[in-house]
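S.K.: This structure is in structure tokens; I'll ask about it shortly.
The values are calculated or read from the model by the stated rules, or taken from the named source; none is laboratory data. As the structure is a prediction and not an experimental result, all values here were calculated from the model. Neighbour counts run over all protein chains shown; Cβ positions are idealised from the backbone, glycine included. What goes into the accessible areas is simple: the full protein's heavy atoms, side chains included, and nothing from ligands, DNA or RNA. Shrake-Rupley method; radii C 1.70, N 1.55, O 1.52, S 1.80 Å.
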Amino acid sequence: MDKELRNRDIRYCVKRSVFHETELGGSTPTPSNGRAVFNAAKNKLRCSRSAAKSLLLKFIPILQWLPHYPVKEWLLGDIVSGVSVGILQLPQGLAYALLAGVPPIFGLYSSFFPVFIYSFFGTSRHVSVGTFTVMSIMVGSVAESLIPTEFVQGNDTIINMDARDEARVEVVAALTLFVGIFQIILGLVQFGFVVTYLSEPLVRGYTTAATIHVTVSQLKHFFGLPLSERSQPLSLIYSLISLFRRIHNTNISTLVVSTIALLCLIAVKEVNQKWQSKLPMPIPIELVVLLISTGLSYGINLHEQYGVGIVGNIPTGLLAPTVPKTDLFFQVVGNAFAIAVVGYTITISLAKMFANKHGYKVDSNQEFIALGLSNLTGSFFHCFAVTSSLSRSLVQESTGGNTQIAGSVSSLITLVIILKAGELFTALPKAILSAIVIANLKEMYKQFMDIPALWRTNKYDLLIWIVTFISTICLNLDIGLGVSVIFGLLTITFRTQLPQYSVLGQVFDTDIYRDTCQNTMTKEVNGIKIFRTSSAIYFANAELYAQTLKAKVGVNIDLLIEKKKKAVMKRKRGLQKVITLAQRILSNTNRGSGLEFLVNKEAIVGSLQTLSETIPNPPTLQSLGLERLSFHSLILDFAAVCFIDTVGIKMLKIIFEEFKEIEVDVYLVNCPGSILRQLQSSGFFNETFTPALIFSTIHDAVSYLSQTHESSSLQEVTEI
């Protein structure tokens with residue numbers, strides 16, 4: 001049946017091909033060329049099916065690797081890894097929901113739907129997608145700015161909590177929808193390269209500042225203080241001021257609970273890290289603390305007896321899917337793009353790290369699509385935007401996870417909790433969730449150690465890190481990210497304006513050329529200067545390139561050209577005076593002044609002729625009495641020049657002309673094909689400057705020029 005359908009499709013293609021050929025004036029097909037058309041149509045159909053299959057496998061990667069899944073080798077490891085990550089997702093999902101400004105149950109939703117979707121479309125086998133600190137705080141920043149917490153005048157009693165939470169859930173869903181849409185679009189247009197504009201120092205400085213924001217946002221739960229939430233420039237400063245003003249109202253019971261929980265979490269995490277190689281799996285301390293604190297809270301009645309804030313009602317079951325409110329779209333679209341890019345950056349960074357470690361490749365554009373589909377689907381179930389988590393990803397890898405099946409298992413563990421066990425955590429103190437959040441930031445606080453490391457290695461990267469950190473601290477997460485990216489691009493422009501220039505010398509008896517200032521084994525080639533730049537040549541640095549070149553060759557080119565012009569003018573004026581005087585004498589002689597016997601006309605004419613012959617055309621430095629340069633050739637190394645604009649080409653032509661004026665020939669080496677085409681199309685080459693001045697390597701140019709100059713010198717000696 002399938003074969004019959006396939007042949008029918010081929011016959012249809014043949015008919016279409018024959019009809020099209022006849023319509024265009026072609027001949028009626030004969031049996032011989034009809035068979036050829038049939039075979040061509042068959043091959044075309046086979047190619048189109050192959051292309052469609054390839055596209056399907058690329059879009060849904062699970063279809064490619066699942067049929068070849070080694071069950072015996074990997075299944076047990078994936079199950080153990082999935083259970084471990086699923087246990088870890090419970091406390092993190094509840095805790096990060098507070099960061100996102102929504103009730104805790106929505107953190108569990110966000111740990112199920114997006115994670116399950118990513119298993120089908122993701123290309124990384126080890127990242128654990130779900131709730132994450134930075135994404136949660138960025139989402140919470142938007143939710144808090146659009147739906148702020150209200151206070152009654154004169155006291156700190158929060159009002160309308162249910163209405164506030166409901167409104168924030170709608171905002172977060174609309175925001176997550178646009179995050180998913182942006183990520184899908186960017187993936188489809190092959191925009192994976194966007195992460196190149198988010199350098200590692202920028203990302204680390206940004207996440208470090210976000211860590212400070214997260215910590216400050218959790219202090220109200222840590223101390224049991226009812227504080228207002230702000231999302232505006234300097235909001236961090238305002239929050240700290242508000243905290244210190246109310247510090248005397250601290251709930252001691254809440255502070256004791258959170259402090260004990262934090263100390264236990266940090267201590268056990270240190271044990272997990274120290275004994276990582278000996279433990280079969282990390283101790284799930286978050287889950288242990290969660291269960292113990294919930295039991296104690298319920299048994300002692302911490303909320304009623306001591307005023308400790310608790311999570312409250314956690315409904316069981318799943319919500320029916322709904323479309324986010326359209327009237328919120330324009331309010332969240334700007335922030336959604338920033339969150340989409342940051343979330344993708346975190347995921348692709350972790351994905352590439354694990355891919356390099358385990359020897360496989362990830363598709364950066366498909367990762368965009370996978371994250372986008374995860375967030376897009378999650379938005380219909382009131383999830384907030386997700387990305388990969390470093391802590392969970394490390395657990396997934398270290399416990400034997402090999403594929404995305406581990407992610408599917410962890411999402412199913414979360415589903416069981418949502419359906420059956422969610423209501424067991426209604427008595428969970430919020431201070432415990434805050435302690436879990438703060439404890440998980442320990443590794444991110446270690447990023448402050450980037451400062452001394454960058455100070456030793458790269459001052460520009462250090463500046464990017466510091467500016468990113470300060471701008472994000474002061475201007476909040478959304479504006480801070482924009483300022484950081486702009487500043488990062490400005491540093492790129494500034495660096496290209498101040499590139500590294502060097503004069504190269506030859507390593508003894510080799511074809512290797514290195515900077516003479518940095519390598520004592522090099523020596524400049526006799527009679528040849530080799531100049532290299534580390535940057536493109538364009539309008540911002542073209543003038544600097546020319547100035548540095550003239551300074552590096554050790555001769556004041558402009559002054560020498562000026563002296564030559566003055567010497568030529570002086571020689572011309574002297575010759576003109578002699579000619580004028582001779583003309584007067586000859587004129588007086590012709591008038592019969594009686595001095596004919598004193599004047600030898602032939603001698604005067606011969607002297608003028610001899611004088612004119614002593615001045616070459618054009619005049620040389622030697623004929624003008626000026627000192628000749630110590631080098632006869634200049635080689636410009638374009639190995640690091642990735643592009644050159646019209647201003648750079650004009651400056652390059654001026655360099656050729658000026659050095660030609662002082663009897664130095666200029667040559668180009670290691671010139672990329674794109675730049676050669678630019679020079680050709682811009683009319684750079686002419687009768688004087690031809691493509692023959694271009695060599696493929698420095699050594700080729702040096703060998704040719706050395707031999708040519710030696711031949712010229714021998715010829716001059718022979719003539720003398």
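S.K.: VAL332: open to solvent by less than 50 Å² (accessible area, probe 1.4 Å) and either out of contact with any strand residue (DSSP E or B) (no Cβ under 6 Å at 6 or more places or on another chain) or within 21 Å of ILE147 (Cβ to Cβ) (or both), yes or no?
M.R.: Yes; evaluated as a whole, the condition is true for this residue.
S.K.: Another question about this same structure. Residues to consider are THR399, THR457, THR472; find the one that is hydroxyl-bearing (Ser, Thr, Tyr), more than 17 Å from ALA97 (Cβ to Cβ) and touching a Phe, Trp or Tyr at 6+ places or on another chain (Cβ under 8 Å). Walk me through it before giving the result.
M.R.: On the way: THR399 fails: touching a Phe, Trp or Tyr at 6+ places or on another chain (Cβ under 8 Å); THR457 fails: touching a Phe, Trp or Tyr at 6+ places or on another chain (Cβ under 8 Å).
THR472 is the lone residue from the list that is hydroxyl-bearing (Ser, Thr, Tyr), more than 17 Å from ALA97 (Cβ to Cβ) and touching a Phe, Trp or Tyr at 6+ places or on another chain (Cβ under 8 Å).
S.K.: From (1) buried (at least 24 other Cβ atoms within 10 Å of the Cβ); (2) in contact with a Leu (Cβ under 9 Å, 6 or more places away or on another chain); (3) under 27 Å from GLN64 (Cβ atoms), pick out the condition that doesn't hold for VAL115.
M.R.: Among (1) buried (at least 24 other Cβ atoms within 10 Å of the Cβ); (2) in contact with a Leu (Cβ under 9 Å, 6 or more places away or on another chain); (3) under 27 Å from GLN64 (Cβ atoms), the lone unmet condition for VAL115 is (2).
S.K.: Spot the failing condition for GLY482; the list is (1) more than 25 Å from ARG204 (Cβ to Cβ); (2) surrounded by fewer than 18 Cβ atoms within 10 Å (Cβ to Cβ), and only one is missed.
M.R.: GLY482 satisfies every listed condition except (1).
S.K.: Right, LYS653: assigned to a helix (DSSP H, G or I), closer than 18 Å to PHE531 by Cβ and at pLDDT 90 or above or not?
M.R.: Working: assigned to a helix (DSSP H, G or I): yes; closer than 18 Å to PHE531 by Cβ: yes; at pLDDT 90 or above: yes.
Taking the combined requirement at face value, the residue satisfies it.
S.K.: Further, regarding this structure: Would you check if LEU575 is open to solvent by less than 50 Å² (accessible area, probe 1.4 Å), in a helix (DSSP H, G or I) and in contact (Cβ under 8 Å) with a residue 60 or more places away in the chain?
M.R.: no
Residue-wise test of (1) open to solvent by 60 Å² or more (accessible area, probe 1.4 Å); (2) in a helix (DSSP H, G or I); (3) farther than 16 Å from ALA210 by Cα.
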{"site": "ALA431", "(1), (2), (3)": "no, yes, yes"}
{"site": "ILE438", "(1), (2), (3)": "no, yes, no"}
{"site": "GLN447", "(1), (2), (3)": "no, yes, no"}
{"site": "ARG456", "(1), (2), (3)": "yes, yes, yes"}
{"site": "TYR460", "(1), (2), (3)": "yes, yes, yes"}
{"site": "TRP465", "(1), (2), (3)": "no, yes, no"}
{"site": "ILE470", "(1), (2), (3)": "yes, yes, no"}
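S.K.: Among the residues of the stretch 378-394, which ones are buried (at least 24 other Cβ atoms within 10 Å of the Cβ) and out of contact with any Leu (no Cβ under 6 Å at 6 or more places or on another chain)?
M.R.: Once the filter is applied, which keeps residues that are buried (at least 24 other Cβ atoms within 10 Å of the Cβ) and out of contact with any Leu (no Cβ under 6 Å at 6 or more places or on another chain), the stretch 378-394 yields GLY378, CYS383, PHE384, ALA385, VAL386, THR387, SER389.
S.K.: Does the stretch 541-556 contain at least one residue that is within 30 Å of HIS699 (Cα to Cα), in contact with a Gly (Cβ under 9 Å, 6 or more places away or on another chain) and either at pLDDT below 75 or outside any helix (DSSP H, G or I) (or both)? So that I can check it myself, show each step before the final result.
M.R.: Kept after step one, since they are within 30 Å of HIS699 (Cα to Cα), are these residues of the stretch 541-556: 541-556.
Imposing the further condition that a residue be in contact with a Gly (Cβ under 9 Å, 6 or more places away or on another chain) reduces the set to 541-542, 545.
Of the ones still in play, those that are also either at pLDDT below 75 or outside any helix (DSSP H, G or I) (or both) are 541.
Yes: one or more hits.
S.K.: In addition: Looking at (1) in a helix (DSSP H, G or I); (2) open to solvent by 30 Å² or more (accessible area, probe 1.4 Å); (3) in contact (Cβ under 8 Å) with a residue 60 or more places away in the chain, find the lone condition where TYR109 falls short.
M.R.: Among (1) in a helix (DSSP H, G or I); (2) open to solvent by 30 Å² or more (accessible area, probe 1.4 Å); (3) in contact (Cβ under 8 Å) with a residue 60 or more places away in the chain, TYR109 violates only (2).
S.K.: Any residue in the stretch 134-146 that is free of Cβ contacts under 8 Å to residues at least 40 places away in the same chain sitting within a Cβ distance under 7 Å of a residue that is buried (at least 24 other Cβ atoms within 10 Å of the Cβ)? List the pairs, counting only those 6 or more apart or interchain.
M.R.: Listed by first residue and then by second, the contacts come to nothing, as the list is empty.
To keep it simple, each residue is scored yes or no on (1) at pLDDT 85 or above; (2) open to solvent by 70 Å² or more (accessible area, probe 1.4 Å); (3) in a helix (DSSP H, G or I).
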site: VAL142; (1), (2), (3): yes, no, yes
site: PRO148; (1), (2), (3): no, no, no
site: ALA163; (1), (2), (3): no, no, yes
site: GLU166; (1), (2), (3): yes, yes, yes
site: GLY180; (1), (2), (3): yes, no, yes
site: GLN183; (1), (2), (3): yes, no, yes
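S.K.: Right, something else. Look at the stretch 618-649 and say how many of its residues are open to solvent by 60 Å² or more (accessible area, probe 1.4 Å) and either free of Cβ contacts under 8 Å to residues at least 24 places away in the same chain or over 15 Å from ALA542 (Cβ atoms) (or both).
M.R.: 7
S.K.: Right, something else. I'd like to know if the stretch 265-276 contains one or more residues that are open to solvent by 60 Å² or more (accessible area, probe 1.4 Å), more than 30 Å from SER471 (Cα to Cα) and either aromatic (Phe, Trp, Tyr) or in a loop (DSSP other than H, G, I, E, B) (or both).
M.R.: Scanning the stretch 265-276 turns up at least one residue that is open to solvent by 60 Å² or more (accessible area, probe 1.4 Å), more than 30 Å from SER471 (Cα to Cα) and either aromatic (Phe, Trp, Tyr) or in a loop (DSSP other than H, G, I, E, B) (or both).
S.K.: Hey, could you check the stretch 512-545 for residues that are touching a residue at least 24 places away in the same chain (Cβ under 8 Å) and of a type in the set (Val, Ile, Thr) and say which is most open to solvent (accessible area, probe 1.4 Å)?
M.R.: VAL525
S.K.: Going by the structure shown, is THR496 polar (S, T, N, Q), within 22 Å of the chain's Cα centre (by Cα) and either at pLDDT below 85 or open to solvent by 70 Å² or more (accessible area, probe 1.4 Å) (or both)?
M.R.: Details: polar (S, T, N, Q): yes; within 22 Å of the chain's Cα centre (by Cα): yes; either at pLDDT below 85 or open to solvent by 70 Å² or more (accessible area, probe 1.4 Å) (or both): yes.
Yes: the conditions hold for THR496.
S.K.: Can I ask one more? Confirm whether VAL308 is surrounded by 13 or more Cβ atoms within 10 Å (Cβ to Cβ), closer than 22 Å to LEU433 by Cβ and out of contact with any helix residue (DSSP H, G or I) (no Cβ under 7 Å at 6 or more places or on another chain). Break it down into steps so the answer makes sense when it comes.
M.R.: Numbers: surrounded by 13 or more Cβ atoms within 10 Å (Cβ to Cβ): yes; closer than 22 Å to LEU433 by Cβ: yes; out of contact with any helix residue (DSSP H, G or I) (no Cβ under 7 Å at 6 or more places or on another chain): no.
No; evaluated as a whole, the condition is false for this residue.
S.K.: Taking interchain pairs and intrachain pairs at least six residues apart, which have beta carbon atoms under 6 angstrom, with the first residue in the stretch 71-82 and within 19 Å of ARG392 (Cα to Cα) and the second surrounded by 14 or more Cβ atoms within 10 Å (Cβ to Cβ) and at pLDDT below 85?
M.R.: Close Cβ pairs satisfying both conditions: GLY77/GLY400; ASP78/GLY401; VAL80/THR399; VAL80/GLY400; SER81/GLN396; SER81/THR399; SER81/GLY400; SER81/GLY401.
S.K.: Still on this structure: Being within 36 Å of the chain's Cα centre (by Cα) and closer than 17 Å to HIS709 by Cα is the filter here; which residues of the stretch 651-673 pass it?
M.R.: Result: TYR667, single match.
S.K.: Just checking, which of GLN232, GLN218 is crowded, with 16+ Cβ neighbours inside 10 Å and either closer than 15 Å to LEU99 by Cβ or not aromatic (Phe, Trp, Tyr) (or both)? Full working, then the answer.
M.R.: Numbers: GLN232 fails: crowded, with 16+ Cβ neighbours inside 10 Å.
Just a single option satisfies the conditions, and that option is GLN218.
S.K.: Right, something else. Assuming LEU90 fulfils every condition listed in (1) modelled with pLDDT of 85 or more; (2) over 22 Å from ASN365 (Cβ atoms); (3) over 29 Å from the mean Cα position of the chain (by Cα) apart from one, which condition is it?
M.R.: (1)
S.K.: May I ask you to verify whether LEU243 is assigned to a loop (DSSP other than H, G, I, E, B) and either surrounded by 15 or more Cβ atoms within 10 Å (Cβ to Cβ) or of a type in the set (Lys, Arg) (or both)? Break it down into steps so the answer makes sense when it comes.
M.R.: Numbers: assigned to a loop (DSSP other than H, G, I, E, B): no; either surrounded by 15 or more Cβ atoms within 10 Å (Cβ to Cβ) or of a type in the set (Lys, Arg) (or both): yes.
For LEU243, the condition - assigned to a loop (DSSP other than H, G, I, E, B) and either surrounded by 15 or more Cβ atoms within 10 Å (Cβ to Cβ) or of a type in the set (Lys, Arg) (or both) - is not met.
S.K.: Quick check, is GLY554 of a type in the set (Gly, Ala, Ser) and open to solvent by less than 30 Å² (accessible area, probe 1.4 Å)?
M.R.: Here the answer is no, as GLY554 does not meet what is asked.
S.K.: Name every residue in the stretch 682-703 that is without any contact (Cβ under 8 Å) to a residue 12 or more places away in the chain and within 14 Å of GLY648 (Cβ to Cβ), in order of residue number.
M.R.: none
S.K.: Can you tell me which residues in the stretch 412-429 are buried (at least 24 other Cβ atoms within 10 Å of the Cβ) and assigned to a helix (DSSP H, G or I)?
M.R.: Hits for the stretch 412-429 are THR414, PHE425.
S.K.: Show the residue pairs meeting these rules: Cβ distance below 7 Å; 6+ apart or different chains; first residue within the stretch 484-495 and without any contact (Cβ under 8 Å) to a residue 24 or more places away in the chain; second residue open to solvent by less than 70 Å² (accessible area, probe 1.4 Å).
M.R.: Correct list of pairs: PHE487/ILE464; PHE487/VAL467.
S.K.: Let me ask you something else. Report, by residue number, each residue of the stretch 657-689 that is in a helix (DSSP H, G or I) and farther than 20 Å from SER534 by Cα.
M.R.: Just the residues of the stretch 657-689 that are in a helix (DSSP H, G or I), to begin with: 657-661, 673-681.
Hits for the stretch 657-689 are GLU657, GLU658, PHE659, LYS660, GLU661, ARG677, GLN680, SER681.
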